[in-house]
Amino acid sequence: MKFKSTTLRSFLALHTWVGLASGLLLFIAFYAGSISVFTHELDGWRRPAGDVSHSEKIARAQVLLDQTRAAHPDSHDFTLRLEPANPELYWSSEDYTERRRYLLDATGQQLTQGAAHGSFIQLIYELHYTAGLPAPWGTYLFGIACILYGLALVSGIVIYAPVLLKDLFALRVGRNLKRLWQDAHNVVGLLSLPFHVIFAWSGAVLTIGYIMLAPFQFLVFEGQLMQRIESDLETAHIEPAEVRKPLLPLAALLERGEALVPGFEIGAIKLHDVGDANAQITLTGLADQKMLSRRVSVVLNGTSGELLGIDQPSNYTPGKRFLNSLTSLHYGNFGGTLLKWLYFFLGLAGAFLFYSGNLLYVEARRKHLQIAQPRRTRLMAQLTLGVCLGCIAGISALFVTGALLPEGFDRSVYFGLFFTCIAWAFFRAPARAGYELLLICSVLTAAIPLSAWVATGISPLAALLDGHYHRLCVDLMALLLAWAYACMAKATRRRGTEGPRSSVWSLHDAR
């Protein structure tokens, strides 16, 4: 496969500029997304071993629901999450201007109000699809970034197709650091290409899918498309009867749902029109039916237990099967623990891909015959360091403060540190800022195991002996990443002192 030099230059320019335009956003998406793969496991990473039994958890959920309803008698719609060790209930006002989250205290009897947006794990999950920007605009921006990401993938394939097999496993280690980074960038990109294609495609559909349907809605289906696919978007709905009737116990409703779908693992309960004779209860969770998607929804009448609708992989419509399967591919929830670890490392590799791509852009525009470098390369280096390392430092700090501080400080901690890192990257020379910020990332990440130890009073060894494997995995991975950031800091400093003076990464004459 051969291309004219002008064609290759055009695709190289396309690859460079769409990569730069979307790279920083996608770095945050990949780094936060790699951690979000373990959202449910991380909900209990710092707690002592000794999981709450299923029956105890349901009993706590019932007390939580009863006390919340007593505190808000005029509210009738709730969402109850059962995945955490301590169930959580979300409640919104009728005009959706107010959102609250309730839990039970350590005794399991007293109602307490938590941070409205959830724990720090929920914030990391939100960073994956908004980068911290206000919803829904952050989500829409990510959809555009995914489309640019797809263009970068196509152009990258065109550029490197002629030497794909020849240089696939080339990783030339030596004094030429630019070539080493280029080889690493190409190897990571090509070996994880199927994953990146899936992510670019599914990311665009999941974030701006409704917008992508607009041409079909108005130009093809004459405004009737949404009505045609309504059954694919909603399982069942029934209007309130305006007759008061008590809700069945949660244990009875859960037992009914589990009996209807073998192997049904219920993770959340959506309660609509509670107190009405037509109260609608939607049980959502996962069930393994040997299909790509495992998502199941069972809709019951909350006062009688009558089945109103059921959505499971075996009876999906074609549209719902496509959408749910694409969602499963995106989040990696169609397999077990090994698949989650694969997605975790692929996410970190993707973050490296965007970080290294920006650094290669800076190095490729280095002026070899002059000390002073172009302003645009310096600005790109500073922006890359500030955003990427600020994201890493902020997420590590979330784990530390999440263990040591009460809820409510998460957003202040993350965004405060994130913007401080960006300001520091612009205040200092890139070589010094890179070294210093990487050290901060290393220290904060290494502090994660210590913070859990201080918060729980249980050492990592004691947690391991007590069967708390989530804690062990988080601690070991934090120490491994802290070591990697320390090595990168050391390499950045060595490059600054021993590398060429004609570089933004030089420490000679740098402030």
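The values are calculated or read from the model by the stated rules, or taken from the named source; none is laboratory data. What you are looking at is a predicted structure, and each value in this text was computed from that prediction instead of being measured. As a convention, Cβ positions derive from the backbone with ideal geometry for all residues, glycine included, and neighbour counts pool all protein chains shown.
Applying the condition of being surrounded by fewer than 15 Cβ atoms within 10 Å (Cβ to Cβ) and under 31 Å from the mean Cα position of the chain (by Cα) to the stretch 485-504 and asking which residue is nearest to ILE448 (Cα to Cα) yields CYS487. In the stretch 299-313, of all residues being touching a strand residue (DSSP E or B) at 6+ places or on another chain (Cβ under 7 Å), more than 14 Å from LEU271 (Cα to Cα) and outside any strand (DSSP E or B), the one that is modelled with the highest pLDDT corresponds to GLU306. Criterion applied to GLU234, GLU239 was being among the charged types (D, E, K, R) and either at pLDDT below 70 or farther than 30 Å from ILE58 by Cβ (or both), and the one residue passing it is GLU234. Of the helices (runs of 4 or more DSSP H) that lie entirely inside the stretch 427-509, those containing 2 or more residues that are over 24 Å from GLY394 (Cβ atoms) and touching a residue at least 60 places away in the same chain (Cβ under 8 Å) span 469-498.
Take LEU507 and decide whether it is at negative phi, of a type in the set (A, V, I, L, M, F, W, C), surrounded by 18 or more Cβ atoms within 10 Å (Cβ to Cβ) and over 27 Å from the mean Cα position of the chain (by Cα). Answer is yes for this residue. Return a yes/no flag: does the stretch 351-364 have any residue that is within 30 Å of ARG60 (Cβ to Cβ) and among the acidic types (Asp, Glu). No, the stretch 351-364 contains no residue that is within 30 Å of ARG60 (Cβ to Cβ) and among the acidic types (Asp, Glu). For LEU444, the conditions (1) among the hydrophobic types (A, V, I, L, M, F, W, C); (2) modelled with pLDDT under 90; (3) under 21 Å from THR39 (Cα atoms); (4) buried (at least 23 other Cβ atoms within 10 Å of the Cβ) are fulfilled apart from (2). Listed conditions (1) surrounded by fewer than 19 Cβ atoms within 10 Å (Cβ to Cβ); (2) part of a helix (DSSP H, G or I) are all met by GLY350, apart from (1). Can you tell me which residue is surrounded by the fewest Cβ atoms within 10 Å (Cβ to Cβ) among those in the stretch 35-44 that are modelled with pLDDT of 75 or more and in a loop (DSSP other than H, G, I, E, B)? Selected residue: PHE38.
Considering only the stretch 391-400, I want to know if a residue exists there that is surrounded by fewer than 19 Cβ atoms within 10 Å (Cβ to Cβ) and part of a helix (DSSP H, G or I). There is no residue in the stretch 391-400 that is surrounded by fewer than 19 Cβ atoms within 10 Å (Cβ to Cβ) and part of a helix (DSSP H, G or I).
Specify which of the listed residues (GLU306, GLU363) is in contact with a helix residue (DSSP H, G or I) (Cβ under 7 Å, 6 or more places away or on another chain) and acidic (Asp, Glu).
None of the others qualify; the one that does is GLU363.
In the stretch 375-382 there is no residue that is at pLDDT 90 or above and either under 22 Å from ALA478 (Cα atoms) or crowded, with 23+ Cβ neighbours inside 10 Å (or both). Which condition from (1) at pLDDT below 70; (2) surrounded by 13 or more Cβ atoms within 10 Å (Cβ to Cβ) is the one that ALA200 breaks? So the condition that ALA200 fails would be (1).
Residues to consider are LEU141, LEU80, LEU123, LEU127; find the one that is in a strand (DSSP E or B) and either in contact with a Ser or Thr (Cβ under 6 Å, 6 or more places away or on another chain) or touching a residue at least 40 places away in the same chain (Cβ under 8 Å) (or both).
LEU80
Before we move on, is ALA70 modelled with pLDDT of 85 or more and surrounded by fewer than 21 Cβ atoms within 10 Å (Cβ to Cβ)? Answer is yes for this residue.
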